[in-house]
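S.K.: Handing you a structure now.
Bear in mind these aren't lab numbers, they're just calculated from the coordinates by the rules spelled out. None of the values given here were measured: they were computed from a predicted structure. We place every Cβ from the backbone using ideal geometry, glycine too, and count neighbours over all the protein chains shown.
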Amino acid sequence: MRDKKDKAMYNTYHIKDMMFVSNCKKNFLKITVCCVFGVVGLVVMILPHVLMSSQVVHHRRHTRYATDLKYILFWSHKKHKSSIPTLSRLTEFQSGQRTFIDQKCRYINCYITYNKDILKNDEDFDAVVFDLNTVAKMDVNFLNLTRSPDQLYIFRSLETSDKYPLCEHDLEHFFNWTWTYKLTSDIPQPFLSIYNSVNRTIIGPTINMQWTTTVKKTRKYANKIRQKKRAVAWILTKCKLKSRHEDFIREFRYELSGYNYTLDIYGPCSAKKCPGGSALKCYKMVEKEYFFQIVVEEYLTEDYVTEVMVGAMLHLAIPIVLGPSDYSNFLPPGSYINAQSFSMPKLGALVDYLIRNPDMYEYFFDWKKYYYYKVRPRSHVCDLCQKLNEFNGTSVTRRHFRHWWDPDYKDECQRLRLFKLFNTET
């Protein structure tokens, strides 16, 4: 009788144990399923970022020394080949170290290549340079490059934002450095260099340019100034002009006619030709005969002051400039007349006043005792190698890149979208 009772108790507890184990298994299964779904959801969320071809690879690079070569890849859409094609605008620098040696750079331990296969891993390049023309056509999400956190992506352009406002949102946090004509670039590359006449060192242009405040009067050019007979000249190298330039010239010429002055245009498509077809002879002729010379930049964007300015500053005729609204970092105070700072009647009156008062006219050349100008070659590359050598290893991506490149990019991009929408021509 007791055995039957013990057996019944055993069966009852055994059934309870089985139910407990069964419930545990069910709960464990539920937790496992939830975890699996959670992991799958997380993978789905991060997968697009992981699959981006321009992904950042977090790995430790080999130990690098200050004297090591800095490998610089100039990127293009074209398939990279071992043999470099004839130098073009895209391949404007020789491969290897030759360019840095030829330009007598302070640092020559930089190596340029257009072939990404020169190194085993993409992420081992110290820097990858993207030209504006390349950036305007590429989608960074499908870039066939592997990116390292130690690597620098550099945006380069000597063209203005007027041509390419860069509308893609993915560019906002893509570049580490900028290398352009803008003085606010990480590597500024203006089209001209300003030298100190005393020690013959480059002092600008630069942000917040510091000009001398103790300019002394000089009579060095008095005799040449008094030989001038004509008012204003403009030396043109192109035949086609922008409408705003044509409007300015037409209004200015009309204003000058009221004082019996002329505005003479020299160029290949003008009635007046440069002596011997030489631009240099044209500048010398203007220096001898004209009081003023017009200097017009093709684009009116910030810091876009090109080589044409050097020709005017090297000769003895006051430049009347039409370009960026602010020339204070490029030209000494009292050396030029900014056409955008005056109404047309006041500009005409100022020209007349200075022609009639040679002593006041002479003041515009006092700066020549302190500074002189030279063209900075567009192929200048020394600053890139120096910047890489001075790099401390801490890199961040440039925020608000599109606004920096073109403060009006939103309007420009909207205009381009509307143009593409309504332009049905093929």
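S.K.: Taking the simple approach of a point 7 Å from Cα along Cα-to-Cβ for both N392 and L280, what is their distance in nm?
M.R.: So the two model labels end up 4.6 nm from each other.
S.K.: Rounded to the nearest 0.05, what FRET efficiency do F142 and Y195 give with R0 = 51 Å and r taken as the Cβ-Cβ distance? Could you check?
M.R.: Calculated transfer efficiency: 0.65.
S.K.: Further question on the same structure: What are the ³J(HN,Hα) couplings of the stretch 247-253, residue after residue, when phi is run through the Karplus curve with 6.51, -1.76, 1.60 and θ = phi - 60°? Round to Hz, x for glycine and proline.
M.R.: 5, 4, 5, 5, 5, 5, 4
S.K.: So how much slack lies between T212 and D102, counting 0.36 nm per residue of separation and subtracting their Cα-Cα distance, in nm?
M.R.: Residue separation times 0.36 nm, minus the Cα-Cα distance, leaves 36.2 nm.
S.K.: Oh, and also: Give me the Å³ per residue figure for the convex hull around the C-alpha atoms of the stretch 219-357. Before the final figure, lay out each step's value.
M.R.: Numbers: hull volume 15.7 nm³, N = 139.
Considering the Cα atoms of the stretch 219-357, their hull volume per residue is 113 Å³.
S.K.: Could I ask something else about it? How large is the Rg to Rh ratio of the stretch 113-235 when both quantities use alpha carbon positions and Rh follows Kirkwood?
M.R.: 1.18
S.K.: Residue by residue, what Karplus-based ³J(HN,Hα) values in Hz, rounded to whole numbers, does the stretch 287-296 have, using 6.51, -1.76 and 1.60 with θ = phi - 60° and x for Gly and Pro?
M.R.: Running phi through 6.51 cos²θ - 1.76 cosθ + 1.60 with θ = phi - 60° gives 4, 7, 10, 10, 7, 10, 10, 7, 10, 10 Hz.
S.K.: Charges at C-beta only: +1 for Lys and Arg, -1 for Asp and Glu. How large is the resulting dipole of the stretch 224-322 about its Cα centre, in Debye rounded to 20? Working shown, then result.
M.R.: Working: 16 positive and 12 negative charges, 138 e Å.
It comes to approximately 660 debye.
S.K.: Would you mind pulling out the separation of the Cα centroids of the stretch 95-172 and the stretch 256-272, in Å?
M.R.: The two parts, judged by their Cα centres, are 45 Å apart.
S.K.: Using Cβ contacts closer than 10 Å as the measure, can you line up M313, M209 from fewest to most?
M.R.: Numbers: M313 22, M209 15.
The fewest-first ordering by Cβ neighbours comes to M209, M313.
S.K.: Which whole-angstrom value gives the distance between the alpha carbon centres of the stretch 372-414 and the stretch 234-251?
M.R.: After rounding, the separation between the Cα centres reads 30 Å.
S.K.: With a Cα-only, solvent-free Debye model of the stretch 176-258, what are the log10 I(q)/I(0) values at q = 0.16 Å⁻¹?
M.R.: Taken in order of the listed q values, log10 I(q)/I(0) reads -1.08.
S.K.: Counting just the Cα atoms, what span does the stretch 301-426 cover along each of its three principal axes? Round to the nearest Å and put the largest first.
M.R.: Result, largest extent first: 54, 48, 27 Å.
S.K.: Report, ordered by chain and residue number, the aspartates and glutamates lying within cross-link reach of K216, taken as a straight Cα distance under 13 Å and ignoring same-chain residues fewer than 8 apart.
M.R.: The qualifying aspartates and glutamates are E362, D366.
S.K.: Let me ask something else about it. Which order results if I187, I320 are arranged by neighbouring Cβ count within 10 Å, fewest first?
M.R.: On the way: I187 17, I320 23.
By the 10 Å Cβ count, ascending, the order reads I187, I320.
S.K.: Rank F330, V308, N389 by how far each Cα sits towards the positive end of the charge dipole of the stretch 288-426 (+1 on Lys, Arg Cβ; -1 on Asp, Glu Cβ) and give me just the farthest.
M.R.: Going by the charge dipole, the pick is N389.
S.K.: Shape of the stretch 120-160 from its Cα gyration tensor (a ≥ b ≥ c, root eigenvalues): rounded if a/c is under 1.5, otherwise prolate when a/b > b/c, or oblate?
M.R.: It is oblate, given that a/c is not under 1.5 and a/b is not larger than b/c.
S.K.: Which shape class, rounded, prolate or oblate, goes with the stretch 353-423 when its Cα gyration tensor gives a ≥ b ≥ c as root eigenvalues, a/c under 1.5 marks rounded, and past that a/b bigger than b/c marks prolate?
M.R.: Oblate shape, in that a/c is at least 1.5 and b/c is the bigger or equal ratio.
S.K.: Return the sequence-ordered ³J(HN,Hα) values of the stretch 138-152 in whole Hz as given by the Karplus equation 6.51 cos²θ - 1.76 cosθ + 1.60 applied to θ = phi - 60°, using x for Gly and Pro.
M.R.: Coupling constants for the stretch 138-152: 9, 10, 5, 6, 10, 7, 7, 9, 9, 9, 10, x, 8, 8, 10 Hz.
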